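I have a structure here, written as structure tokens, and I will follow up with some questions on it.
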Amino acid sequence: MTADVAMTSTDDSAGLTSYYEQKIEHLELTVRDETQNLRRLQAQRNELNSKVRLLREELQLLQEPGSYVGEVVKQMGKSKVLVKVNPEGKYVVDVDKAIDIAKCTPNTRVALRNDSYVLHKILPTKVDPLVSLMKVEKVPDSTYDMIGGLDKQIREIKEVIELPIKHPELFDALGVAQPKGVLLYGPPGTGKTLLARAVAHHTDCTFIRVSGAELVQKYIGEGSRMVRELFVMAREASPSIIFMDEIDSIGSSRMEGG
């Protein structure tokens with residue numbers, strides 16, 4: 001009888017131990033799941049707080065008075081620059097302490113406060129959408145091996161374009177000015193575009209192709225403005241090669257008596 005009681009007590013103890021172990025395991029899983037949910041909610045909260053902060057900053061900027069847009073002409077000391085504001089004219093203005101004056105280089109677009117003309121922001125370069133949509137290739141895949149029958153032209157363009165880009169020190173040592181470009185002429189389909197693409201490939205240059213017809217605009221001054229912005233884009237993607245196709249469309253013949 002005593003032995004039976006002892007055996008029953010042992011079985012009850014083992015059952016209770018197993019029961020509480022299962023409860024502990026269940027609670028541990030619950031705690032782990034809730035901890036993961038807490039971390040997920042904290043990440044969402046941080047993301048939402050960041051968005052709210054950005055929206056508040058944007059709202060504050062929108063509520064501020066409008067600024068004048070100007071263009072830096074040159075620096076005038078450690079805290080002043082000469083700025084051109086169209087159509088008002090040119091002004092020497094103070095630079096906000098938060099602005100690095102070293103970045104206020106000529107032709108940089110800037111924002112001026114409308115009450116004090118203090119330069120408080122450097123603006124991104126403005127490029128006409130028509131210019132930005134022109135065909136741009138980081139580095140074309142065309143090579144000289146794809147071109148047949150133009151060995152002389154390839155050799156000449158290597159000397160005029162490729163050599164100054166790869167070895168500018170040779171021209172500096174000789175005191176010779178580097179060529180700025182070449183004129184490729186000939187009937188359509190003779191390899192002018194392919195040759196230009198191959199040069200860009202072998203010099204690791206960005207290839208920008210533009211048709212001369214795109215630069216002929218209805219309004220006076222628009223074409224020249226697009227050319228300026230085209231070169232701005234080319235400088236930002238430097239080193240780069242600009243290939244102007246159908247260049248003859250720019251220089252149209254004069255009418256009689258003109």
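Working out 0.36 nm times the residue gap between residue 84 and residue 145, then minus their Cα-Cα distance, what length gain in nm do you get to one decimal?
Contour length minus the Cα-Cα distance gives 17.0 nm.
Across the Cα atoms of the stretch 129-249, what radius of gyration and what greatest pairwise Cα-Cα distance (Dmax) are found, in Å?
Radius of gyration, then largest Cα-Cα span, for the stretch 129-249: 15.1, 46 Å.
Alpha carbon centre of the stretch 57-77 versus the stretch 180-213: separation in Å?
That distance is 40 Å.
Stokes-Einstein D for the stretch 67-122 at 4 °C, 1.567 mPa s, Kirkwood Rh over Cα pairs, in µm²/s?
Values: Rh = 10.6 Å.
It comes out at roughly 122 µm²/s.
Still on this structure: Given the pairs 152/180; 84/138; 74/192; 103/138, which span a C-alpha to C-alpha distance of over 29 angstrom in this model?
Details: 152/180 20 Å; 84/138 34 Å; 74/192 40 Å; 103/138 26 Å.
In this structure, 84/138; 74/192 lie more than 29 Å apart at Cα.
When only Cα pairs under 8 Å and 6 or more residues apart are kept, what is the percent relative contact order across the stretch 129-249?
Numbers: 136 pairs, mean separation 41.2, N = 121.
Taking the mean separation of contacting Cα pairs over the length of the stretch 129-249, I get 34 percent.
No lab work stands behind these numbers, since they all come straight from the coordinates. Remember, it's a predicted structure, so these values are computed and weren't measured experimentally.
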